[in-house]
């Protein structure tokens, strides 16, 4: 039987919104953490009306250096009763993150994509009743770094490494929590809109369905869409003399 509660960090983004709708449709009570309070209020009203499930919202700026993930997670655990699954899907890039990134782009990109997500993962593992699964979203950029979005690539690589460290810790400490990372290819968002890309772009609803299906697996790192496995295999084996000339 499916568990009944889930936390979504990044809950009002395109992916977060699609995931919240999918979870509510599966009968989950949900906690949504995101920056835009008005969006969260509208989502709460819509989801509760359509799916008749409890939706809790926590307006939170993930870029705030004083972010207290422990406090938020403790409140969520009280409101939901437990956090059976956690989907940490917040992420994104900032203007100025290319070549040598601007100071603000560098700091904000690392804070959003690595630091804040890591703090939420830590807080979840400190709960008296740990989650069954903590799923984080990475990017193909972590595998194939390039001159564009350079700090984004670095942040996602750091997130993957940290997630695998936590996965090892959970095994050593005999915790029941599965730590999952989904390495995403291109997805419909403000970053891909209007761009001509070499490969197909996944819709947020497709990704949400995949994330839901991945929540109970224990593969560590998965790739979606699956065709990126072959592409990454090829790219990571190219000699530097060829790789340095790629524009992607």
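The values are calculated or read from the model by the stated rules, or taken from the named source; none is laboratory data. These numbers were taken from a predicted model, which means no experiment stands behind them. Here the Cβ is made from the backbone with ideal geometry for all residues, glycine too, and neighbour counts use every protein chain on show.
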> Which members of region 30-59 meet the condition of being more than 21 Å from residue 130 (Cβ to Cβ), outside any helix (DSSP H, G or I) and touching a residue at least 24 places away in the same chain (Cβ under 8 Å)?
Replying inline: 34, 35, 36, 53, 54, 55, 57, 59
> When residue 218 is evaluated against the numbered criteria (1) in contact with a helix residue (DSSP H, G or I) (Cβ under 9 Å, 6 or more places away or on another chain); (2) at pLDDT 90 or above; (3) under 15 Å from residue 137 (Cβ atoms), which criterion, by number, is the only one it fails?
Replying inline: (3)
> Within region 61-71, can one find any residue that is at pLDDT 95 or above, closer than 27 Å to residue 213 by Cα and part of a loop (DSSP other than H, G, I, E, B)?
Replying inline: yes
> Inside region 27-39, can you point out the residues that are surrounded by fewer than 22 Cβ atoms within 10 Å (Cβ to Cβ) and farther than 13 Å from residue 79 by Cβ?
Replying inline: 27, 35, 36, 37, 38, 39
>> Looking at residue 27 and the list (1) in a helix (DSSP H, G or I); (2) in contact (Cβ under 8 Å) with a residue 12 or more places away in the chain; (3) over 20 Å from the mean Cα position of the chain (by Cα), which single condition is not satisfied?
In response: (1)
